Amino acid sequence: MDHQLPSMNQQLTHLLELLKTDLINSMQAKGKYASGQTAQQITIVTDGDKAQLQIPGYLQLVETGRGPTTPNATQGDPPMIQRIQDWCRAKGLPDKAAWAIKKSIDKKGYNGTPGILTDPLSDENINLRLAPILENMANEAVAQIAINVTNQ
């Protein structure tokens, strides 16, 4: 009987899936989950023996907040008004509310939501998620060695 160990890429992808779930749960727990669009933009990309958790850059601003809009600021992609309109629709608010929110952000900025990213991506949480994966890998490696020794 040939017992195969899960590939390192499978293990890494599993870890990233756990962290993705933790990140989405953090957004929900901190009231930053309206339409689910941001959660859909959190992806795991694999390429050969590499895997990455890709997170929209604006989530950093959701955590840290931002100051007022500066003159001649570069437009985001998608533009801030579009993201606010999407959020308003998800919350059942009219489009004109989006313009009021945008003007307020332009004038005053907004406070962030500490921990929305840093809690699920902390060393403590990564180690918590990684420990059982490493233990499973070690147990499977020992089992594979035992099988190989027995078959000799």
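Could you pull out the residue among ILE133, ILE84, ILE101, ILE126 that is within 19 Å of GLN60 (Cβ to Cβ) and touching a Leu at 6+ places or on another chain (Cβ under 9 Å)? Criteria check complete, one pass: ILE126.
Condition first: without any contact (Cβ under 8 Å) to a residue 12 or more places away in the chain and under 25 Å from GLY109 (Cβ atoms). Now tell me which residues in segment 32-71 satisfy that. Selection gives TYR33, GLY57, THR70, PRO71.
Considering only residues of segment 11-38 that are over 20 Å from ALA138 (Cα atoms) and β-branched (Val, Ile, Thr), which is surrounded by the most Cβ atoms within 10 Å (Cβ to Cβ)? By that ranking, first place goes to THR38.
The residues of segment 72-125 that are in a helix (DSSP H, G or I), in contact (Cβ under 8 Å) with a residue 24 or more places away in the chain and in contact with a Pro (Cβ under 9 Å, 6 or more places away or on another chain), listed by number, are ASP86, ILE105, ASP106, LYS107, LYS108. Picking from residues in segment 35-54 that are of a type in the set (Gly, Ala, Ser) and either more than 14 Å from GLU17 (Cα to Cα) or in a loop (DSSP other than H, G, I, E, B) (or both), the one that is farthest from the chain's Cα centre (by Cα) is GLY48. Take the conditions under 17 Å from the mean Cα position of the chain (by Cα), open to solvent by 80 Å² or more (accessible area, probe 1.4 Å) and of a type in the set (A, V, I, L, M) and apply them to LEU59. Does it pass? No, not satisfied. Of the residues that make up segment 81-89, is at least one basic (Lys, Arg) and under 24 Å from THR21 (Cβ atoms)? The answer is yes, given that some residue of segment 81-89 is basic (Lys, Arg) and under 24 Å from THR21 (Cβ atoms).
The values are calculated or read from the model by the stated rules, or taken from the named source; none is laboratory data. Since the structure is predicted, the reported quantities are computational estimates derived from the model, not experimental observations. Cβ atoms come from the backbone with ideal geometry, glycine included; neighbour counts cover every protein chain shown. Note: accessible area is taken over every heavy atom of the protein model, side chains too, but ligands, DNA and RNA are not part of it. Shrake-Rupley method; radii C 1.70, N 1.55, O 1.52, S 1.80 Å.
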